[in-house]
Amino acid sequence: MPQNVMEDILALEFFFWGETKTMSINIVKRIDDPVKVNHVLISVSDKTGLESLIPGMLEINPEIRIFSTGGTYKRLTEILGERAGKCLTQVSDYTGQPETQGGLVKTLDFKIYLGLLTETYNESHSADLARTSAVPIDMVIVNLYPFKKTVLNPDVTVEQARGNIDIGGPCMIRASAKNYLRVASVVDPLDYPDILEKLKKQDGSTSLKLRYQLACRAFGHTAEYDRNIADWLSDRPADDIHSCYNI
């Protein structure tokens with residue numbers, strides 16, 4: 001392992017089942033500020049505002065490469081028209097893994113999370129990017145399946161609610177928010193105009209301050225989402241669960 005990486009690893013000891021274990025985490029000392037947005041991952045349930053945000057981002061940086069999935073990919077092809085062929089890629093084409101039936105697994109892939117979590121000056125991470133032909137993702141635009149809206153229907157079943165629990169979305173949000181050192185995590189369409197304005201002022205780049213602010217909102221967003229799920233499921237009696245299935 002390169003010496004500079006070794007120096008940035010902190011060994012932590014913890015007690016687990018009667019044994020002392022050691023866990024290593026990277027302590028990052030060097031980052032870039034600002035960070036140019038060249039690769040964007042977009043997967044949204046609420047597609048409001050994309051018609052202004054995406055053309056605006058391409059106007060600032062025509063070389064942006066966008067990765068997307070499912071219904072979001074379809075909407076982006078409508079927005080971009082002929083330009084889609086130059087800048088838009090389906091996640092399944094990028095990862096080499098087709099989406100599972102019903103879109104159950106779309107973005108839970110090593111290449112995606114390597115691109116989200118990689119640290120700019122970590123030589124091991126750079127080697128992994130080269131080995132897998134992956135790219136560092138600079139911005140994630142994600143919002144989640146409408147669980148809260150779904151369960152407002154008094155006739156909703158536990159199974160219908162279960163189907164609206166988003167897995168890939170929260171994972172991408174958390175990964176990008178954790179790596180605010182390099183990645184902007186965008187979860188609210190109401191933030192699009194401000195983000196676009198900041199990109200214009202900074203030649204298509206995000207500042208550390210902006211990325212940190214977005215990370216705070218992102219973690220709050222996923223915490224509220226999980227709280228809504230836990231509260232609703234906890235209020236359902238066991239008989240409600242059995243009635244959904246042939247057992």
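If ILE112 satisfies all but one of (1) more than 20 Å from ILE195 (Cβ to Cβ); (2) without any contact (Cβ under 8 Å) to a residue 40 or more places away in the chain; (3) not aromatic (Phe, Trp, Tyr), what's the number of the condition it fails? Tallying (1) more than 20 Å from ILE195 (Cβ to Cβ); (2) without any contact (Cβ under 8 Å) to a residue 40 or more places away in the chain; (3) not aromatic (Phe, Trp, Tyr), ILE112 fails exactly one: (2).
Conditions tested, residue by residue: (1) surrounded by fewer than 19 Cβ atoms within 10 Å (Cβ to Cβ); (2) within 17 Å of ASN61 (Cβ to Cβ); (3) of a type in the set (Ser, Thr, Tyr).
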site	(1), (2), (3)
CYS171	yes, no, no
VAL187	no, no, no
LEU190	yes, no, no
ILE195	no, yes, no
LYS200	yes, yes, no
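GLY163 meets the conditions (1) closer than 20 Å to LYS47 by Cβ; (2) at pLDDT 90 or above in every case but one. The failed one is (2). Look at the range 48-69: where a residue is modelled with pLDDT under 95 and hydroxyl-bearing (Ser, Thr, Tyr) and a partner is in a helix (DSSP H, G or I) and surrounded by fewer than 17 Cβ atoms within 10 Å (Cβ to Cβ), sitting 6+ places away or on another chain with Cβ atoms under 8 Å, you get THR69/GLY103.
In the range 149-165 there is no residue that is within 29 Å of GLU59 (Cα to Cα) and touching a residue at least 24 places away in the same chain (Cβ under 8 Å). Here the helices (runs of 4 or more DSSP H) wholly within the range 149-247 that include at least 2 residues being more than 19 Å from the chain's Cα centre (by Cα) and on the phi < 0 side of the Ramachandran plot are 158-163, 192-201, 208-234, 238-242.
The values are calculated or read from the model by the stated rules, or taken from the named source; none is laboratory data. For clarity, every value in this text was computed on a predicted model and none was experimentally measured. All Cβ positions, glycine included, derive from the backbone under ideal geometry; neighbour counts span all protein chains shown.
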